[in-house]
Amino acid sequence: MEFAYQFDVAGILVILTSLVCAWVRPKLLDNFTINLKLLIVLSIAYVLTDGSTSILLQLKDPRLYYFTYGLLILYFAVLFLFPFRATMYFYELCGEKPNEILLRGTLFVMLSLAVFGNIFFNFFFSLDRETFSYYPGVGAFTTFVYYFLCAILVGVCAMKHRRYLGQIRLRLLITILFITVFTIIYQNLIPQQSITGLIISLSVAMTIVVFCFIDVTVDELTGINNKVGFTRACDEIMHNSDVSGYSMIKIQIYHMQELNERTGMENGDRLLMLLADTIRKSCAMTKSKSVYGRIGGDTFGIFTRDEIEINALSEALSGDHIQNPITGLDYAVSFYAGIYRLEDKEMDIESMLDHASYALKWVSGNFKTNVAFYDDDIRQEDEHRKAVERKVRSAIIDKEFKVYLQPVYDTMTRERVSAEALVRWIDKKNQMINPGDFIPILEKNGFVTELDLYILEEVCMMLSEWKGRGFKIVPVSVNFSRVDVNHPGLVDEITEIVDRYGLDHSLIKIELTESAFNGDMESIIKVLNHLHEKGFIIMMDDFGSGYSNLNMFKDMPVDVVKIDMYFLRNIENNEKGMIVLESVVQMAKRLGLAIVVEGVETQKQYDYIRKLRCEMIQGFYFAKPMPSDVFPDQITAG
Ligand code: C2E
Ligand code: MG
Ligand code: MG
């Protein structure tokens with residue numbers, strides 16, 4: 001009788017846990033699958049049958065013999081249904097199907113043994129009618145076998161899905177398996193004082209809490225907060241304490257994807273866990289409360305107080321133990337951190353992360369340092385970026401983007417043979433913004449394609465108008481960003497625009513910067529071949545500014561190479577530069593490519609280029625980019 005009360009408490013515990021979880025996260029019940037619901041019902045049934053049979057066994061009322069016997073059979077049925085359902089739920093959680101024949105087949109056997117096997121052969125137990133004594137049957141040990149079978153099935157599935165399960169679930173699982181085994185042994189050693197029901201209910205309650213409640217805020221891999229958990233933890237600090245002096249730090253592993261590809265996902269995971277561990281330890285040492293989490297695949301967030309901690313953290317990150325986590329594989333790992341010092345306490349967490357992200361982006365291309373603060377310089381850049389993004393759409397509609405043309409000359413005859421279209425943004429305040437200030441931003445947000453096609457259309461409109469007015473026209477080259485190459489249907493759109501104005505395709509040249517040739521070569525070759533087939537001339541812009549693979553020229557349908565003016569800087573006193581330029585010119589000539597030298601500013605440079613016999617020349621020495629409407633006057637004049 002003494003133990004009877006605790007079984008009810010255990011049953012209630014499961015119900016309460018479920019309700020509390022549902023209350024804290026109302027959407028939680030949606031996540032309760034039928035298997036989980038049945039598991040809860042079974043755990044309650046388990047404690048009820050377990051509790052009531054032990055009461056009945058102690059009451060020893062002969063009138064209740066059959067009732068007690070029936071209840072004991074029911075208890076065994078539940079005893080087998082419980083692990084069956086738990087296994088089913090676990091498989092479902094991993095998105096797997098268990099071996100149905102094995103699992104259902106054995107359940108069927110166990111249930112048959114519990115009912116018929118026991119009635120006819122006292123398989124699991126016998127119950128003395130007079131003394132009400134309970135004796136274990138000869139086949140009682142099969143209970144173990146069945147439980148172990150389920151445990152093995154769960155174990156196999158868990159090992160297979162351990163990446164998905166993450167540390168928390170895996171630990172919980174091991175705990176529950178341990179509890180189950182312990183309970184079975186305990187129950188068999190001291191059957192009279194069994195507290196199995198309580199323990200099993202506790203396990204189920206724990207499962208519900210962890211799987212459905214804690215788990216959603218925890219990163220599966222590292223066991224620290226995920227984005228949801230991190231945001232909630234920051235939110236809590238912001239609401240409960242004074243956040244002055246706090247900083248939002250965003251840490252990113254440099255080239256995580258490459259690292260995964262080169263050294264394998266496992267090493268990538270190890271690195272993430274190592275970084276999580278370093279962050280955890282660093283934050284544990286902070287005086288005021290710090291929170292941290294893995295907020296993206298390769299990104300961690302930390303919300304902490306003063307700078308010393310931040311510095312200590314970045315030092316820890318560049319320490320040996322994290323720099324070489326994959327010893328033997330010889331892969332240098334580095335991290336970048338962007339830090340936003342909180343100024344506006346009302347700012348939402350997303351915006352703080354945004355600011356930290358911006359500092360992070362700023363530092364990620366920097367080889368001198370790996371930590372950047374969102375300071376005034378970055379702030380200005382960020383604000384400029386936001387302003388550009390905000391204004392760009394209306395700028396196209398309001399025709400604020402103007403085409404400037406810079407003539408290209410024949411080196412020998414000094415005749416204008418072509419022109420390059422260069423965009424200028426003349427905003428509402430009549431200020432001119434140079435492409436270098438906005439093209440990179442538009443490349444990032446994908447807007448550049450729209451702009452490039454717009455410039456192409458303006459150029460076509462202009463050429464067809466000049467043609468109609470009987471001006472002498474020269475081919476015009478239009479710059480296309482490397483981002484454009486990935487735009488589906490680019491070639492068709494270009495062709496459609498040029499055709500709409502009835503222009504010969506040879507009048508439009510396509511300039512693609514050298515760095516575009518480092519991307520996905522296959523798709524670039526495809527796009528360029530397609531354009532080439534349509535009769536457009538292809539130019540490689542800024543040759544020499546990047547790391548071109550000279551070998552690729554043989555596969556690339558390029559007609560003209562524009563040599564970057566970088567080569568011309570101080571060329572007069574730069575012998576090595578001259579050697580490089582001369583070899584590039586030689587190579588281009590042998591490959592049958594025409595050459596334009598850009599950025600010619602002085603007579604000396606011009607003389608030198610002429611000596612090299614490069615066909616075309618473009619630069620301030622001859623003419624600067626000019627508004628398109630003055631261009632034809634000069635042509636006719638020139
Ligand atoms: P780019 O295509 O290499 O254009 C040549 C740049 O060099 C132009 O700068 C031009 O003004 C400048 N330049 C020409 N001759 C000289 C010279 O003798 N000395 C010096 N110091 N500079 C000279 P701009 O117009 O500022 O354009 C910069 C870059 O912006 C361009 O480099 C091009 O990559 C990009 N860009 C310009 N317009 C467009 C466009 O419509 N679409 C795209 N996607 N990019 C564009
Ligand atoms: Mg260009
Ligand atoms: Mg160029």
Condition met for Val138 (part of a loop (DSSP other than H, G, I, E, B) and of a type outside the set (Gly, Ala, Ser)): yes
Please identify the pairs in which a residue from the stretch 509-524 that is not assigned by TED's automatic domain parsing to the domain that holds Ser418 has its Cβ atom under 6 Å from the Cβ atom of a residue that is of a type outside the set (Gly, Ala, Ser), counting only partners at least 6 apart or on another chain. none
What's the number of the condition Tyr501 fails, among (1) within 37 Å of the chain's Cα centre (by Cα); (2) open to solvent by 40 Å² or more (accessible area, probe 1.4 Å); (3) aromatic (Phe, Trp, Tyr)? (1)
With the structure loaded, tell me whether Phe631 is at pLDDT 90 or above and either more than 16 Å from ligand 3 (Cβ to nearest atom) or open to solvent by 80 Å² or more (accessible area, probe 1.4 Å) (or both) or whether it fails that test. no
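Please go through the stretch 473-483 and give me each residue that is within 16 Å of ligand 3 (Cβ to nearest atom) and either hydrophobic (A, V, I, L, M, F, W, C) or closer than 15 Å to Tyr454 by Cβ (or both), ordered by number.
Taking the stretch 473-483 first, the residues within 16 Å of ligand 3 (Cβ to nearest atom) are 476-482.
Result: Val476, Val478, Asn479, Phe480, Ser481.
Of all residues in the stretch 504-513, which are open to solvent by 30 Å² or more (accessible area, probe 1.4 Å) and either more than 16 Å from ligand 1 (Cβ to nearest atom) or part of a helix (DSSP H, G or I) (or both)? Before the answer, list the steps.
Of the residues in the stretch 504-513, the ones open to solvent by 30 Å² or more (accessible area, probe 1.4 Å) are 504-506, 513.
Residues satisfying the conditions are Asp504, His505, Ser506.
Can you tell me which residue among Gly489, Gly519 is on the phi > 0 side of the Ramachandran plot and within 32 Å of the chain's Cα centre (by Cα)? Full working, then the answer.
On the way: Gly519 fails: on the phi > 0 side of the Ramachandran plot.
On inspection, the qualifying residue turns out to be Gly489.
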Here are Glu496, Glu457: which of them is touching a helix residue (DSSP H, G or I) at 6+ places or on another chain (Cβ under 6 Å), assigned by TED's automatic domain parsing to the domain that holds Lys624 and either in a helix (DSSP H, G or I) or surrounded by fewer than 19 Cβ atoms within 10 Å (Cβ to Cβ) (or both)? Glu457
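Confirm whether Phe76 is crowded, with 18+ Cβ neighbours inside 10 Å and touching a Cys at 6+ places or on another chain (Cβ under 9 Å). I'd like the intermediate steps shown before the answer.
Working: crowded, with 18+ Cβ neighbours inside 10 Å: yes; touching a Cys at 6+ places or on another chain (Cβ under 9 Å): no.
For Phe76, the condition - crowded, with 18+ Cβ neighbours inside 10 Å and touching a Cys at 6+ places or on another chain (Cβ under 9 Å) - is not met.
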Could you go through the stretch 240-254 and let me know if any residue there is surrounded by fewer than 19 Cβ atoms within 10 Å (Cβ to Cβ), touching a strand residue (DSSP E or B) at 6+ places or on another chain (Cβ under 9 Å) and under 23 Å from Ser334 (Cα atoms). yes
Among the residues of the stretch 405-435, what is the count of those that are within 12 Å of ligand 2 (Cβ to nearest atom) and more than 23 Å from Ala594 (Cβ to Cβ)? 2
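For Glu443, indicate whether it is more than 23 Å from Pro627 (Cα to Cα), within 16 Å of ligand 2 (Cβ to nearest atom) and either aromatic (Phe, Trp, Tyr) or touching a Ser or Thr at 6+ places or on another chain (Cβ under 6 Å) (or both).
Judged against the criteria, Glu443 is a match.
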Flagged in the stretch 418-448 as open to solvent by less than 60 Å² (accessible area, probe 1.4 Å) and polar (S, T, N, Q), in numbering order, are Ser418
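Here is a list: Leu79, Leu64. Which entry is in a helix (DSSP H, G or I), without any contact (Cβ under 8 Å) to a residue 40 or more places away in the chain and either out of contact with any Phe, Trp or Tyr (no Cβ under 8 Å at 6 or more places or on another chain) or not charged (D, E, K, R) (or both)? Spell out how you get there, then give the answer.
Details: Leu79 fails: without any contact (Cβ under 8 Å) to a residue 40 or more places away in the chain.
Result: Leu64 is the single residue among Leu79, Leu64 that is in a helix (DSSP H, G or I), without any contact (Cβ under 8 Å) to a residue 40 or more places away in the chain and either out of contact with any Phe, Trp or Tyr (no Cβ under 8 Å at 6 or more places or on another chain) or not charged (D, E, K, R) (or both).
For every residue, the table says whether it meets (1) within 22 Å of Lys227 (Cα to Cα); (2) open to solvent by less than 40 Å² (accessible area, probe 1.4 Å); (3) among the hydrophobic types (A, V, I, L, M, F, W, C); (4) not assigned by TED's automatic domain parsing to the domain that holds Leu442.
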{"residue": "Met352", "(1), (2), (3), (4)": "yes, yes, yes, yes"}
{"residue": "Trp362", "(1), (2), (3), (4)": "no, no, yes, yes"}
{"residue": "Arg379", "(1), (2), (3), (4)": "no, no, no, yes"}
{"residue": "Glu389", "(1), (2), (3), (4)": "no, no, no, no"}
{"residue": "Ala395", "(1), (2), (3), (4)": "no, yes, yes, no"}
Whether any residue in the stretch 252-264 is in contact (Cβ under 8 Å) with a residue 60 or more places away in the chain and among the acidic types (Asp, Glu) is what I want to check. no
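Going by the conditions given, is Asn188 modelled with pLDDT under 80 and in the same structural domain as Glu343 (by TED's automatic domain parsing)?
Details: modelled with pLDDT under 80: yes; in the same structural domain as Glu343 (by TED's automatic domain parsing): no.
For Asn188, the condition - modelled with pLDDT under 80 and in the same structural domain as Glu343 (by TED's automatic domain parsing) - is not met.
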When the residues of the stretch 469-492 are filtered to those that are in a helix (DSSP H, G or I) and surrounded by fewer than 17 Cβ atoms within 10 Å (Cβ to Cβ), which remaining residue is modelled with the highest pLDDT? Asp492
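For the stretch 283-296, how many residues are among the small types (Gly, Ala, Ser) and open to solvent by 20 Å² or more (accessible area, probe 1.4 Å)? Reasoning before the result, please.
Going through the stretch 283-296, the residues among the small types (Gly, Ala, Ser) turn out to be 284, 288, 290, 293, 296.
Now narrow it down to the ones that are open to solvent by 20 Å² or more (accessible area, probe 1.4 Å): 284, 288, 296.
Final tally of qualifying residues: 3.
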Select, from Arg305, Arg341, the only residue that is modelled with pLDDT of 75 or more, of a type in the set (D, E, K, R), over 19 Å from Glu236 (Cβ atoms) and over 19 Å from the mean Cα position of the chain (by Cα). Arg341
Count - residues of the stretch 52-64 that are open to solvent by 20 Å² or more (accessible area, probe 1.4 Å) and of a type in the set (Ser, Thr, Tyr): 2
I need a count of the residues in the stretch 515-537 that are within 14 Å of ligand 1 (Cβ to nearest atom) and either surrounded by fewer than 20 Cβ atoms within 10 Å (Cβ to Cβ) or part of a strand (DSSP E or B) (or both). 1
Given the conditions (1) farther than 21 Å from Val630 by Cβ; (2) part of a helix (DSSP H, G or I); (3) open to solvent by 10 Å² or more (accessible area, probe 1.4 Å); (4) in contact (Cβ under 8 Å) with a residue 40 or more places away in the chain, which single one is not true for Trp466? (1)
Could you say whether any residue in the stretch 257-265 is touching a Gly at 6+ places or on another chain (Cβ under 8 Å) and open to solvent by 10 Å² or more (accessible area, probe 1.4 Å)? yes
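Looking for whichever is more than 30 Å from Arg610 (Cβ to Cβ) and either free of Cβ contacts under 8 Å to residues at least 60 places away in the same chain or in contact with a helix residue (DSSP H, G or I) (Cβ under 7 Å, 6 or more places away or on another chain) (or both) here; the options are Arg416, Arg385. Which one fits?
Details: Arg416 fails: more than 30 Å from Arg610 (Cβ to Cβ).
Going through Arg416, Arg385 in turn, the sole match is Arg385.
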Is at least one residue of the stretch 97-116 modelled with pLDDT under 95, assigned to a loop (DSSP other than H, G, I, E, B), closer than 30 Å to Ala158 by Cβ and open to solvent by 20 Å² or more (accessible area, probe 1.4 Å)? yes
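Which one of these is closer than 30 Å to Cys157 by Cβ, in contact with a helix residue (DSSP H, G or I) (Cβ under 8 Å, 6 or more places away or on another chain) and assigned by TED's automatic domain parsing to the domain that holds Arg162: Leu57, Leu74? Even if it seems obvious, please write down each step before you answer.
Details: Leu57 fails: closer than 30 Å to Cys157 by Cβ.
Result: Leu74 is the single residue among Leu57, Leu74 that is closer than 30 Å to Cys157 by Cβ, in contact with a helix residue (DSSP H, G or I) (Cβ under 8 Å, 6 or more places away or on another chain) and assigned by TED's automatic domain parsing to the domain that holds Arg162.
The values are calculated or read from the model by the stated rules, or taken from the named source; none is laboratory data. Since the structure is predicted, the reported quantities are computational estimates derived from the model, not experimental observations. Cβ atoms come from the backbone with ideal geometry, glycine included; neighbour counts cover every protein chain shown. Note: accessible area is taken over every heavy atom of the protein model, side chains too, but ligands, DNA and RNA are not part of it. Shrake-Rupley method; radii C 1.70, N 1.55, O 1.52, S 1.80 Å.
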